[in-house]
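Colleague: I'd like to ask you about the structure that follows.
The values are calculated or read from the model by the stated rules, or taken from the named source; none is laboratory data. Just so it is clear, the model here is predicted, and its values are computed rather than measured. Note that we place each Cβ from the backbone using ideal geometry, even for glycine, and neighbour counts take in every protein chain shown.
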Amino acid sequence: MNRKLLIYIFCHILLISMAFLIFLSCSLSYKKEKDEHYTSAALEYKIQKSITGVVEAFSYYLELPPADAYELVWDPFIEEKDIKLYYYFVKDSLIESIWEYGGIVTIVNAKNQIYSIPLFSNAISNYWNFEFLEPDPNLPHCHTTFEKEFLTAMDSLQLNDTQHSDSVVFDKIMFSLLHCKQFEESDSISLTTKNWDIRDCCRELLNKNFAAILKGIYSDKQHLYCNAFEDIFNERIFQIDYGKKNKDYLQRKKKMKISIKVYRLDCRNIIPPC
């Protein structure tokens, strides 16, 4: 067999191989895009179903818009945990909906399991279970609280683990969705000064709030997890309590149930007045 024929056969085989590889690559790419499309569509359906569940669960308590009235406004991704957050507000009236309804955050874990939590305004006070405030008698009894919903979400999505996934999610909600700032001791002075003209009972409530917050706030400046968050827009403070037996949260070796306290700052808006 002469040399030219060998070269011809080799080139022919090479071209066939390259064509097959290109075909295989395109097929795999198409399959991946198709799978991603169906996965995305399935996830969107599950999210809408979850939001509908929230709307129905609170329908006796608050007349919320239907699920399809909500639109996605922010979707941060926690890459190291493969956790997605989707934040929804009512379409076409974001400012009004923030004040009247608040938003709904949907948490999706690495297995695409879903749990949605409402983030109502302070007007829905019984849901927040504010410290030092009695349930509003003018509102229906609320079957749950923000704390219960968050902890249930962490258990349902298997995020209450030894890798601090629950704290990572909580931090993301605080900083990325609610745009909170870390609350420090000096903030209590500035907030009290800011509200110098409020009525006495409101000042008394703020003093109780700050005393309780500062008693449980971290004093270790090197601690990687802050435990008090000021939600400036909604005028409230969130504080996580990791428990007396777990002061060094970073060293925990097992699952631990945290508790969440919420303090209301806009007491001037409380009806009836304090």
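Colleague: Can you name the residue in segment 178-196 that is farther than 17 Å from A228 by Cβ and assigned to a helix (DSSP H, G or I) and, of all such residues, is modelled with the highest pLDDT?
Modeller: Going through the qualifying residues, I end up with K194.
One line per residue, one yes/no per condition, for (1) assigned to a helix (DSSP H, G or I); (2) of a type in the set (A, V, I, L, M, F, W, C); (3) under 17 Å from the mean Cα position of the chain (by Cα):
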| position | (1), (2), (3) |
| --- | --- |
| N112 | no, no, yes |
| Y115 | no, no, yes |
| H141 | no, no, no |
| S167 | yes, no, yes |
| I173 | yes, yes, yes |
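Colleague: OK, next. Does segment 29-49 contain at least one residue that is in a helix (DSSP H, G or I), touching an Asp or Glu at 6+ places or on another chain (Cβ under 9 Å), modelled with pLDDT of 90 or more and within 30 Å of H141 (Cβ to Cβ)?
Modeller: Yes, some residue in segment 29-49 is in a helix (DSSP H, G or I), touching an Asp or Glu at 6+ places or on another chain (Cβ under 9 Å), modelled with pLDDT of 90 or more and within 30 Å of H141 (Cβ to Cβ).
Colleague: Since P137 meets every condition but one in (1) surrounded by 15 or more Cβ atoms within 10 Å (Cβ to Cβ); (2) over 25 Å from V73 (Cβ atoms), which condition does it not meet?
Modeller: The one condition P137 does not meet is (1).
Colleague: Ok, one more. Can you name the number of the only condition in (1) in a helix (DSSP H, G or I); (2) out of contact with any Lys or Arg (no Cβ under 8 Å at 6 or more places or on another chain) that L151 fails?
Modeller: So L151 meets the others, but not (2).
Colleague: I'd like to check something: does segment 105-118 contain any residue that is β-branched (V, I, T) and surrounded by fewer than 18 Cβ atoms within 10 Å (Cβ to Cβ)? Spell out how you get there, then give the answer.
Modeller: Within segment 105-118, the subset β-branched (V, I, T) is 105-108, 114, 117.
Narrowing further to those that are surrounded by fewer than 18 Cβ atoms within 10 Å (Cβ to Cβ): none.
No, the conditions are met nowhere in segment 105-118.
Colleague: In segment 53-75, how many are touching a residue at least 24 places away in the same chain (Cβ under 8 Å) and within 12 Å of F89 (Cα to Cα)?
Modeller: Qualifying residue count for the region: 5.
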